[in-house]
Amino acid sequence: MPTIEISFKDLKSLVGKNLSLKEFSQLLEYLKAEVDRREGDKLFISLEDTNRPDLWCVEGIARMIRKLIGKPTKKYLAKPSGLTVVVNQNLRNIRPYAACAVVKGIKITDDILESIIQYQEKLAENYGRKRSKVGLGVYDFDKVKGRIIEYKGVKPTAKFIPLGFEEEMTISEMLKKHPKGEQYGKLLEGKKVYPAFIDKSGEILSIPPITNSNNTGKVTTKTRNLFIEATGTDRDAVVHALNLFAMALAERGGKVYSVRIKYNAETIVTPNFKPTKFSIKPSYIDTLLGLGLTTPELKKLLKKMDYNIVKATPGSDLIVLEIPFYRKDIMHAVDVVEDVAISYGYNNIEPLEPEIATPGKLLDETKQNNLIREIMIGMQLQEVLNFTLTSKDVLFDKMNRNGKTLEVLNPISSNYSNVRDSLLPLVMKFLETNKTVEFPQKVFELGPVVLPDKKSYNKAKQENHLCAVISHSRATFTEIKSVLETLMKHLEVKVKLRHIKHPSFIDGRCGEIIVNRKAIGVIGEIHPQVLENFNLENPVVAFEINVDELW
Amino acid sequence: MIDIDSLHNLERKVLIALREFGDGLTLNVIKERANLSEGEINKAIEWLKGKGLIKVDEDVKQKFKLTEIGEKCAKEGMPEKRFLLAIKDGPLGFKELIQKANLDKDEFNSAIGFLKEEGLIKIEDGKIHLTELGNKRLQMPWKEDKLFHLLKDWIYFDEIPIFLREVVPFLEDRGIIEKKDSVIRTIYLTEEGKKILPKVRIEDKIDLLTPKMILDGSWKGKSFRKYDISAPAPPIYIGKKQPYLKFVDEVKEKLISLGFQETKGPLVELAFFNNDLLFMPQDHPAREIHDIYFIERGGGDLSRYKQLLEKTKKVHEYGWETGSTGWGYKFDKNKSKDIILRSHTTAVSIRTLLSKDLKIPGKYFTIGRVYRPDVIDWKHLTEFDQLDGIILGDQMTFRELLGVLKKFAIEFGGAKKVKFVPGYFPFTEPSVELHVYMEGKGWMEIGGAGIFRPEVTLPLGIEVPVIAWGLGILRLFMTKYNIKDMRQVFSNDLKWLREFRWKNANN
């Protein structure tokens, strides 16, 4: 979810209306965006729709708002520039695609420059997957020589002066010395040749997606004419990114000119502002929205969202429309349906209560667990709720036991790195946190634990466990056994105990809990070493059972 | 003014003792005079103190008593004395002396050192001789002997006669006597106590009504001691549901009454269910709508779902038969097998749609734990709960979805006003965010919803519209009970759990 920084003044001047911040915020809802925070004239806008990169710049937001408030919007045209970019085959397995455009007559101010650079970065970072899929570049067109530019792989020993530097260096040196080289150099690691744009004079214009040359790549407020390019590994995405970038510059008053991209077998022309034809049935729209909209109503609603209506005969169940080039997110008719709903206004839709009568039902598991909880509460135990992620230290080291549990590969903290395979360690930690709270302390938790299970499809076995503990200065085994046996009596389950050794409990005061000849848990008096590990000063007695085995 | 009738007989006995033997008695004296047991006197003193009738002064004093060594000395005299007496009639060798004076090794060693230093003995030709000074010493009295009979039981320092006190440190050093600190409690009457004192008398009133009295009728004709019913009673810590879990129970009950059936799914999921079946592209910013905890890359087994996996691949790549363009990228089946911790309960809704028991029309819900690698602070947790629901049926439209959301906002969230805002989720279209207006808090988002995309439902063989939503149930709870910090809900604070009052709810 990208966040962009815009100047509110700039936005209002692009929209051509003196909007209030409140009006603007309301309009942003149509764009699935909101003002995150404000610093004077600066607004930070977060854009929910990761599928609408056309909105990740102030120019794109302004364009949609003009449309929504009924102001005319620009028609995007690109006359031929006469420039050809020849793509060399030697980049086939490295960074094979390029798309370019020329933008003339743009008046660049510091604000505009900042906004252009921000958009270039957002497109490359989010849409372009940190420049790996798509990266973009901007050049001073007046410094580019000739009508033919080559896009080809050059040797690492080729020399140029990178942006922000004064001395010539090889590409290998640049990757080490240039800040962008350090940041993005990995994308080209181990390649035999590096992608480069080269003009007629043989000068390297840039090494995409790392950096431009200092000569042509420096864009200032004095620059009037721009050469822009996108390169990457996905042809559609490369062209789309260039289209969007050119569109933003056109919104700034630039005249866009197209460039021929010559591949081995074919030649394409970029940017491509052509809309896509699409047909949709009004009856389909009605199935999803239930608003009973007529064709003229639909036409109006669709136009507001910048669709061009090609054909919409009242009475016929077909509307043919054109999807603007910048709407790559329209994958299915449902996407158009949503635009109709947004255009209509979600809050103008009258909600209906579903008229489906079905019997409600809790899971058996929930009913059973609720019964257990009720009995435990009746025995004056307080219910607690712990996280299911914890540390190895709590699960094993502090409990004096060995073992392994499911572990996340990308933890944010070692305190939340392991999935609990038992409740007792977390309840012990609970006691540690509450060692100064009045005794006796009697608590229980009922919840899921996950055990590793190599044979399962997800290598895990999930169980519902119940853990009860009692702690005070004279807590005894008998006391916790009473709780266990009273619970079992009320559940009509016969239970037996059998001595076992368990490293968390005192030897000889610990038993396996047997139900139907199966061990379903453990009961006992916690070992003083474990108490010491949790900094506890009072004896603790406890049991833990797998309650799924009780039914 | 205290009500004399409410005094217990134990209290009365203490007061009477103070009246008869004078104010300012120690606890031990009162105990003896009033003929009370240790437990009785302690109880009576606590009660009287509580009623403000007496004051208790505490003073720490040292007590002394003979040790085991001391007992022997008391019987046979000090080792030095025995040493000197043994050689009174002439010098002796070491062995003979030890035997004659009945000294053990320690006694002998400490005595010989001390006596030599003081010049009371001398050693010549391997024999020990009494000196002139030693002879004189034997004529003088031994203060220690006088002390011994006093020290048979614990005695306070100021109970020891002044002229004997100087030997106490010496005896303590030699291990003949031991010392311990003792608290002396002295009882004084307060003004209030003095006022009622003349009226206090022992009465034949019933304190505790016993089964015996009921059986033998001995209570008849007697009166009952009046209790001080305003005296504090100890608190009871009751067994209670965890506050948030109780709220979850209530929400479930409401959903049941609305005709929803509860469903469940595993915490440890495969990316296939969590992402791919939800049309979340594998390599696209949309996948980053939230981050995911991984357990094992590509480790899961999807052999049961071969056909569905193949269909899903096609849907992602070019839309398959759904009428969609798809995402237009190369789908990697291995990524579907990633074992992860589920990041939303929509994974459970997908499993419900896949289930053999699915009924159309149908209403289903689930409440469960989900995981996101987020740094924990007051409004972020790395694991939290979600409420997810679906309704499938021929007639389900966006209007019904808004109807359900509005109902939930009012029923569960206690919202007065509701607002629908366009939202984005890769798996629903149209998508909507539910915002509610809370008194004093303004607008807040409590969930997201939409109609499942055909790219989601058609591969599962479902041809009716499915309206789906996810609500932040934790946030609903926090709003209802005015809890600011999300961590509080999973709080390990027993005090908070014990003090929690259901009445605190906002509505």
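The values are calculated or read from the model by the stated rules, or taken from the named source; none is laboratory data. Just so we're clear, the structure is a prediction, and the values are computed from it rather than from any experiment. Because the Cβ atoms are built from the backbone with ideal geometry, glycine has one as well, and the counts that use them run over all protein chains shown.
At a glance:
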{"read-out": "Qualifying residue in the range A:112-125 (condition: farther than 16 Å from A:Phe227 by Cβ, of a type in the set (Val, Ile, Thr) and buried (at least 22 other Cβ atoms within 10 Å of the Cβ))", "value": "no"}
{"read-out": "Residues located in the range A:387-396, provided they are more than 7 Å from every other protein chain (Cβ to nearest Cβ) and in a loop (DSSP other than H, G, I, E, B)", "value": "A:Ser391"}
{"read-out": "Only listed residue being under 29 Å from B:Gln488 (Cβ atoms), in contact with a strand residue (DSSP E or B) (Cβ under 8 Å, 6 or more places away or on another chain), of a type in the set (A, V, I, L, M, F, W, C) and facing chain A (nearest Cβ under 9 Å), chosen from B:Ile236, B:Ile256", "value": "B:Ile256"}
{"read-out": "Every residue from the range A:397-410 that is in contact (Cβ under 8 Å) with a residue 12 or more places away in the chain, within 34 Å of the chain's Cα centre (by Cα), surrounded by 13 or more Cβ atoms within 10 Å (Cβ to Cβ) and part of a loop (DSSP other than H, G, I, E, B)", "value": "A:Thr405, A:Leu406, A:Val408"}
{"read-out": "Selection status of B:Tyr305, within 10 Å of chain A (Cβ to nearest Cβ) and more than 38 Å from the chain's Cα centre (by Cα)", "value": "yes"}
{"read-out": "Helices (runs of 4 or more DSSP H) contained entirely in the range B:249-360, each with at least 3 residues that are out of contact with any Cys (no Cβ under 6 Å at 6 or more places or on another chain) and among the charged types (D, E, K, R)", "value": "B:306-318"}
{"read-out": "Long-range neighbours under 8 Å by Cβ, at least six apart or interchain, first residue not assigned by TED's automatic domain parsing to the domain that holds A:Arg420 and of a type in the set (A, V, I, L, M, F, W, C) within the range A:438-455, second buried (at least 21 other Cβ atoms within 10 Å of the Cβ) and part of a strand (DSSP E or B)", "value": "none"}
{"read-out": "B:Pro211 being surrounded by fewer than 16 Cβ atoms within 10 Å (Cβ to Cβ), out of contact with any strand residue (DSSP E or B) (no Cβ under 8 Å at 6 or more places or on another chain), without any contact (Cβ under 8 Å) to a residue 40 or more places away in the chain and within 14 Å of another protein chain (Cβ to nearest Cβ)", "value": "no"}
{"read-out": "Candidate set: the range A:297-317, residues that are over 29 Å from A:Asp236 (Cα atoms) and in contact with a Lys or Arg (Cβ under 6 Å, 6 or more places away or on another chain); chosen: the one surrounded by the fewest Cβ atoms within 10 Å (Cβ to Cβ)", "value": "A:Asp317"}
{"read-out": "Selected residue [within 28 Å of B:Leu401 (Cβ to Cβ), among the acidic types (Asp, Glu) and assigned by TED's automatic domain parsing to the domain that holds B:Gly414] from B:Glu499, B:Glu463", "value": "B:Glu463"}
{"read-out": "Matching residues in the range B:484-504 - criterion: being surrounded by fewer than 20 Cβ atoms within 10 Å (Cβ to Cβ) and without any contact (Cβ under 8 Å) to a residue 12 or more places away in the chain", "value": "B:Gln488, B:Asn492, B:Asp493, B:Lys495, B:Trp496, B:Glu499, B:Arg501, B:Lys503"}
{"read-out": "Count - residues of the range B:361-379 that are over 12 Å from A:Ser413 (Cβ atoms) and facing another protein chain (nearest Cβ under 10 Å)", "value": "11"}
{"read-out": "Residues located in the range A:54-90, provided they are in a helix (DSSP H, G or I), out of contact with any Phe, Trp or Tyr (no Cβ under 7 Å at 6 or more places or on another chain) and either buried (at least 20 other Cβ atoms within 10 Å of the Cβ) or free of Cβ contacts under 8 Å to residues at least 12 places away in the same chain (or both)", "value": "A:Leu55, A:Val58, A:Glu59, A:Gly60, A:Ile61, A:Ala62, A:Arg63, A:Met64, A:Ile65"}
{"read-out": "Residue check for B:Thr397: of a type in the set (Ser, Thr, Tyr) and either at pLDDT below 95 or out of contact with any Leu (no Cβ under 7 Å at 6 or more places or on another chain) (or both)", "value": "no"}
{"read-out": "Cβ-Cβ under 7 Å pairs, at least 6 apart or on other chains, the range A:205-229 side in a loop (DSSP other than H, G, I, E, B), far side among the hydroxyl-bearing types (Ser, Thr, Tyr) and surrounded by fewer than 24 Cβ atoms within 10 Å (Cβ to Cβ)", "value": "A:Pro209/A:Tyr184; A:Ile210/A:Tyr184; A:Thr221/A:Thr109"}
{"read-out": "Qualifying residues in the range A:459-499 (those that are out of contact with any strand residue (DSSP E or B) (no Cβ under 9 Å at 6 or more places or on another chain) and touching a residue at least 24 places away in the same chain (Cβ under 8 Å)) - the one nearest to the other protein chains (Cβ to nearest Cβ)", "value": "A:Thr486"}
{"read-out": "Residues satisfying the stated conditions in the range B:478-494, i.e. assigned to a loop (DSSP other than H, G, I, E, B) and within 14 Å of chain A (Cβ to nearest Cβ)", "value": "B:Ile483, B:Ser491, B:Asn492, B:Asp493"}
{"read-out": "Flag if B:Glu429 is in contact with a Phe, Trp or Tyr (Cβ under 9 Å, 6 or more places away or on another chain) and crowded, with 22+ Cβ neighbours inside 10 Å", "value": "yes"}
{"read-out": "Filtered residues of the range A:1-60 (kept if of a type in the set (S, T, N, Q) and within 14 Å of chain B (Cβ to nearest Cβ))", "value": "A:Thr3, A:Ser25, A:Gln26, A:Ser46, A:Thr50, A:Asn51"}
{"read-out": "Complete set of residues in the range B:46-87 that are outside any helix (DSSP H, G or I), in contact with a helix residue (DSSP H, G or I) (Cβ under 9 Å, 6 or more places away or on another chain) and closer than 30 Å to B:Glu191 by Cβ", "value": "B:Lys51, B:Gly52, B:Leu53, B:Ile54, B:Lys55, B:Val56, B:Lys61"}
{"read-out": "Hits in the range A:300-326 (condition: assigned to a loop (DSSP other than H, G, I, E, B) and touching a residue at least 60 places away in the same chain (Cβ under 8 Å))", "value": "A:Met305, A:Asp306, A:Phe325, A:Tyr326"}
{"read-out": "Any hit, the range B:275-295, residues being within 7 Å of chain A (Cβ to nearest Cβ) and modelled with pLDDT of 95 or more", "value": "yes"}
{"read-out": "Within the range B:245-281, tally of residues that are farther than 25 Å from A:Leu406 by Cβ, under 33 Å from the mean Cα position of the chain (by Cα) and buried (at least 22 other Cβ atoms within 10 Å of the Cβ)", "value": "1"}
{"read-out": "Boolean, B:Lys306 is touching a Leu at 6+ places or on another chain (Cβ under 7 Å), surrounded by fewer than 18 Cβ atoms within 10 Å (Cβ to Cβ) and either of a type in the set (Phe, Trp, Tyr) or free of Cβ contacts under 8 Å to residues at least 40 places away in the same chain (or both)", "value": "no"}
{"read-out": "Condition met for B:Gly450 (assigned to a helix (DSSP H, G or I) and facing chain A (nearest Cβ under 10 Å))", "value": "no"}
